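The next block holds one structure in the form of structure tokens; read it before the comments.
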Amino acid sequence: MKGGVPIGDDDLHGYVDKRLTPERMAAVEAYIAAHPEAASRVLHYEEQRRALRSALQAKHDEPIPVRLRVATIQAERRRRWRQTLGRIAAAGLWLLIGAAGGWFASEELSPWQSAQKMAAQKTTAQKTTASEEEDLAQAALVAHRIFVAEVRHPVEVDASQEKHLIEWLSKRLAHPLHVPNLSAQGYRLMGGRLLPASTGPAAQLMYDDETGRRLTVYLTAEEGGETSFRYVQDGDLGGFYWRDAGFCYAVLAQAERQGLLATAEAIYRQTAGRESGR
């Protein structure tokens with residue numbers, strides 16, 4: 001078609017179905033008049049259209065089923081919406097009842113539950129503390145066996161530099177350290193050293209008596225409450241360990257239990273409350 005959009009098969013179908021604009025209808029009519037083969041196709045399309053109408057006319061004349069009527073569809077939608085709202089309201093009511101029941105139950109049982117909870121927390125804390133102290137005792141045992149065997153370098157800083165030793169270890173442990181005087185128990189200070197521990201730095205103070213027997217005091221700075229003395233035995237080596245005033249202590253030596261306990265008590269009397277400022 002000159003001077004316009006070419007006429008295609010869609011245009012011919014639109015012409016048969018009367019779906020074209022007036023301008024396009026006129027253009028297609030002119031095209032059909034000038035092209036016999038296009039006119040033949042249009043006649044064929046019109047015959048197909050009439051055949052389809054004839055075949056479907058009976059179904060077209062049937063009344064619309066009730067289930068497909070607009071009023072019926074709208075009524076069904078309203079019914080389903082009411083059911084949904086009912087379920088939501090019921091769920092909310094049960095949730096409210098459950099919450100209220102839980103609140104009343106907690107109010108009624110709270111003293112018992114609180115006691116159980118506090119007991120469980122206390123037991124857990126006690127187990128944790130005991131485990132930490134046992135780890136401390138084991139680390140102290142290992143350190144004792146390693147360094148008491150040293151002849152030339154049993155300590156890093158010797159007793160002649162006691163002031164420096166105290167300042168250095170206090171700084172590294174981030175806690176003011178007190179070095180016990182055990183001369184009444186027959187021990188003199190040899191010196192000390194810094195050691196690694198699972199929870200941070202640890203300090204080891206070493207003493208010996210007139211026979212050359214060595215005793216070590218192993219300590220780490222750890223917050224926690226006071227605990228009683230506990231005894232540990234490893235072959236011929238015995239020790240007492242406890243927690244007090246921001247430190248965990250372990251004192252070890254190849255000594256009989258009662259004598260070692262007296263030394264541990266002397267250390268406790270000299271250090272109790274010092275580091276925490278009590």
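The values are calculated or read from the model by the stated rules, or taken from the named source; none is laboratory data. Everything numeric here is computed off the predicted structure, so don't read it as measured data. Heads up, the Cβs are rebuilt from the backbone with ideal geometry, glycines too, and the neighbour counts pull from every protein chain shown. Only protein heavy atoms, including side chains, enter the accessible area calculation; ligands, DNA and RNA are left aside. Shrake-Rupley method; radii C 1.70, N 1.55, O 1.52, S 1.80 Å.
For the range 210-230, the set of residues classified as assigned to a loop (DSSP other than H, G, I, E, B) and of a type outside the set (D, E, K, R) consists of T211, G212, G224, G225, T227, S228, F229, listed by residue number. I want to confirm something. Restricting to the range 209-230 and keeping residues that are among the acidic types (D, E) and touching a helix residue (DSSP H, G or I) at 6+ places or on another chain (Cβ under 9 Å), which single residue is modelled with the lowest pLDDT? Among those residues, the one meeting the criterion is E222. Figure legend. Inter-residue proximity from the range 139-157: first residues on the phi < 0 side of the Ramachandran plot, second residues in a loop (DSSP other than H, G, I, E, B), beta-carbon distance below 6 Å, spacing 6+ or different chains. Indicated pairs: F147/P154.
Among the residues of the range 57-82, write down those that are modelled with pLDDT under 75 and assigned to a helix (DSSP H, G or I). The answer is Q57, A58, K59, H60, D61, V66, R67, L68, V70.
Any chance the range 205-228 includes a residue that's open to solvent by 90 Å² or more (accessible area, probe 1.4 Å), among the basic types (K, R) and out of contact with any Cys (no Cβ under 9 Å at 6 or more places or on another chain)? Checked the range 205-228: at least one residue is open to solvent by 90 Å² or more (accessible area, probe 1.4 Å), among the basic types (K, R) and out of contact with any Cys (no Cβ under 9 Å at 6 or more places or on another chain). Of A255, A174, all but one fail to be farther than 23 Å from A272 by Cα and modelled with pLDDT under 95; the exception is A255. Among the residues of the range 130-165, those that are of a type in the set (A, V, I, L, M), part of a helix (DSSP H, G or I) and buried (at least 17 other Cβ atoms within 10 Å of the Cβ) comprise L136, A137, A139, A140, L141, A143, V148, L165. Do you know which of the residues in the range 166-204 that are touching a residue at least 40 places away in the same chain (Cβ under 8 Å) and hydroxyl-bearing (S, T, Y) is most open to solvent (accessible area, probe 1.4 Å)? Step by step, filter the range 166-204, then rank; the result is S198.
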